[in-house]
Amino acid sequence: MTTEQHQTHVYVGIAGEGALIVGAQGTPLGGGGLYRQAGGADDWQEITRGLPADPQVRALLVHPQNPATLYAGTQAGVYRSDDRGENWEATDSPQGDVWSLAAHPQNPQVMYAGYDRCVISRSEDGGATWQKTNTKNISFPHITMNPYPIVKRVIGLALDAHNPQDVYGAIEVGGLVASRDGGDNWESITDGHYTRTGPVDLHGVQVNPTAPGLVYIITQLAMFRSRNRGANWEFVNIDEMFPGGSYCRDLVVAPDDANTMYLAAGAGGGSAPPGTEEAGVLVRSRDAGETWERVDLGELAPSRMFQIAIDPAAPAHVFCCDRDGLVFRSQDGGETWSKSRVPGEMFRGRHVYPMVCG
């Protein structure tokens with residue numbers, strides 16, 4: 001997909017889930033991987049030169065000011081490429097599984113990386129070096145700690161464009177954490193709000209720039225919204241997409257219009273009723289999350305919709321991808337769609353995690 005001066009590149013990271021319980025034996029991980037598609041072509045290129053062996057790529061970030069520079073979160077920390085993924089080098093980041101990446105909205109030299117065990121690192125030099133921040137004061141909701149300790153993956157990170165000192169982290173089976181000092185110190189801001197595990201099993205967080213402190217979280221079962229920096233929460237009512245509830249996995253705000261938001265959701269997995277057949281949908285709001293409608297992709301995705309990506313340099317180029325690598329792409333802001341498939345066999349130990357474009 002191209003404009004006169006810009007060609008959109010799409011990147012999809014492949015990884016396995018691993019064990020959610022501390023010390024448990026999880027699903028054996030597959031080979032992982034990282035793939036790129038350029039200019040709307042149907043073929044995908046593997047771009048893993050310099051990454052760890054069998055890279056578990058669970059987070060990707062395109063530099064906000066230079067789309068040739070990318071960051072990948074792997075099982076061995078953060079890696080960087082300055083040539084659209086042709087070559088990768090390790091940054092001076094803590095070792096361990098990286099699950100999320102985010103950049104400061106006004107100063108991309110400042111970046112954040114979320115790990116498991118609720119480790120959050122920050123870089124102030126464009127990702128060259130990283131330092132762990134203080135997460136020792138986080139106290140997780142009691143319901144997410146029993147009967148077994150969970151690994152507490154920081155599966156999403158977001159900053160408030162109106163006040164970038166406010167940084168939010170979504171914890172898988174752990175609720176929402178926040179920093180009010182640019183990431184120096186963190187605390188839980190969801191303890192006591194919910195009485196069942198679904199709403200504290202977070203899969204993402206976004207701050208909508210249409211208003212200061214307008215925060216959205218997506219959980220295994222639903223979406224919630226806070227209009228006051230997470231102090232109070234309300235359920236976002238979306239017409240039932242699937243019987244028995246929907247599995248929400250990704251939420252993005254359009255780079256050219258903050259009133260437009262997209263949600264990736266699906267049936268099956270998580271707390272879905274036994275025997276639920278998997279499927280995936282893309283849902284869109286045109287009014288900053290007040291009302292939602294299903295996007296007509298031409299068909300249901302055969303597995304849960306997992307990721308959404310929009311090219312900031314060409315915002316009409318919108319992509320969504322299901323867990324098993326079926327990518328839907330639009331060149332006209334989501335009005336019409338075509339599709340392609342990421343190479344390789346997908347299963348619980350090897351499937352799509354992040355997708356970005358630029």
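Quick check: is even one residue across the stretch 4-13 touching an Asp or Glu at 6+ places or on another chain (Cβ under 7 Å), over 16 Å from W99 (Cα atoms), touching a residue at least 60 places away in the same chain (Cβ under 8 Å) and buried (at least 22 other Cβ atoms within 10 Å of the Cβ)?
First, pick out the residues of the stretch 4-13 that are touching an Asp or Glu at 6+ places or on another chain (Cβ under 7 Å): 8.
Subsequent filtering for residues that are over 16 Å from W99 (Cα atoms) retains 8.
Retained after the next criterion (residues that are touching a residue at least 60 places away in the same chain (Cβ under 8 Å)): 8.
Adding the requirement that they be buried (at least 22 other Cβ atoms within 10 Å of the Cβ) leaves 8.
Yes, the conditions are met somewhere in the stretch 4-13.
What single numbered condition from (1) of a type outside the set (V, I, T); (2) over 19 Å from T135 (Cα atoms); (3) more than 19 Å from the chain's Cα centre (by Cα); (4) at pLDDT 95 or above fails to hold for Q165?
Result: Q165 fails condition (2) only.
Being touching a residue at least 24 places away in the same chain (Cβ under 8 Å), at negative phi and touching a Cys at 6+ places or on another chain (Cβ under 7 Å): is that true of H162 here?
Details: touching a residue at least 24 places away in the same chain (Cβ under 8 Å): yes; at negative phi: yes; touching a Cys at 6+ places or on another chain (Cβ under 7 Å): no.
It is false that H162 is touching a residue at least 24 places away in the same chain (Cβ under 8 Å), at negative phi and touching a Cys at 6+ places or on another chain (Cβ under 7 Å).
Within the bounds of the stretch 41-53, is there any residue that is in contact with a Leu (Cβ under 7 Å, 6 or more places away or on another chain), of a type outside the set (A, V, I, L, M), under 18 Å from Q7 (Cβ atoms) and at pLDDT 95 or above?
no
Select from the stretch 260-291 the residues that are more than 18 Å from A316 (Cα to Cα) and either β-branched (V, I, T) or surrounded by fewer than 19 Cβ atoms within 10 Å (Cβ to Cβ) (or both) and list them in ascending order.
Across the stretch 260-291, the qualifying residues are G269, S271, P273, P274, G275, T276, E277, V281, E290, T291.
Pick from V295, V327: which is touching a Phe, Trp or Tyr at 6+ places or on another chain (Cβ under 9 Å), closer than 23 Å to G73 by Cα and at pLDDT 95 or above?
Residue meeting the stated conditions: V327.
Spot the failing condition for V62; the list is (1) closer than 25 Å to A19 by Cα; (2) crowded, with 20+ Cβ neighbours inside 10 Å, and only one is missed.
Checking V62 against (1) closer than 25 Å to A19 by Cα; (2) crowded, with 20+ Cβ neighbours inside 10 Å, the one that fails is (1).
Return the total of residues in the stretch 329-358 being among the hydrophobic types (A, V, I, L, M, F, W, C) and within 17 Å of the chain's Cα centre (by Cα).
Going residue by residue through the stretch 329-358, those that are among the hydrophobic types (A, V, I, L, M, F, W, C) are 337, 342, 346-347, 352, 355-357.
If we keep only those that are within 17 Å of the chain's Cα centre (by Cα) too, we end up with 352, 355-357.
Selection size over the stretch 329-358: 4.
Right, S303: at pLDDT below 95 and surrounded by 16 or more Cβ atoms within 10 Å (Cβ to Cβ) or not? Reasoning before the result, please.
Values: at pLDDT below 95: yes; surrounded by 16 or more Cβ atoms within 10 Å (Cβ to Cβ): yes.
It is true that S303 is at pLDDT below 95 and surrounded by 16 or more Cβ atoms within 10 Å (Cβ to Cβ).
Take A211 and tell me if it is surrounded by fewer than 17 Cβ atoms within 10 Å (Cβ to Cβ), at pLDDT 95 or above, more than 21 Å from the chain's Cα centre (by Cα) and among the aliphatic types (A, V, I, L, M). Don't jump to the end; show me each part of the working.
Values: surrounded by fewer than 17 Cβ atoms within 10 Å (Cβ to Cβ): yes; at pLDDT 95 or above: yes; more than 21 Å from the chain's Cα centre (by Cα): yes; among the aliphatic types (A, V, I, L, M): yes.
Considered against the rule, which asks whether it is surrounded by fewer than 17 Cβ atoms within 10 Å (Cβ to Cβ), at pLDDT 95 or above, more than 21 Å from the chain's Cα centre (by Cα) and among the aliphatic types (A, V, I, L, M), A211 comes out as yes.
Limited to the stretch 180-208, what total is found for residues that are part of a loop (DSSP other than H, G, I, E, B), of a type in the set (A, V, I, L, M, F, W, C) and modelled with pLDDT of 95 or more? Explain how you work it out, then say what you get.
Step one: list which residues in the stretch 180-208 are part of a loop (DSSP other than H, G, I, E, B), which gives 180-184, 186, 189-196, 201, 208.
Retained after the next criterion (residues that are of a type in the set (A, V, I, L, M, F, W, C)): 186, 189.
Checking the rest, the ones that are also modelled with pLDDT of 95 or more come to 186.
Of the residues in that region, 1 qualify.
The values are calculated or read from the model by the stated rules, or taken from the named source; none is laboratory data. Small disclaimer: the values here were computed from a predicted structure and weren't measured. Cβ: placed from backbone, ideal geometry, glycine included. Neighbour counts: every protein chain shown.
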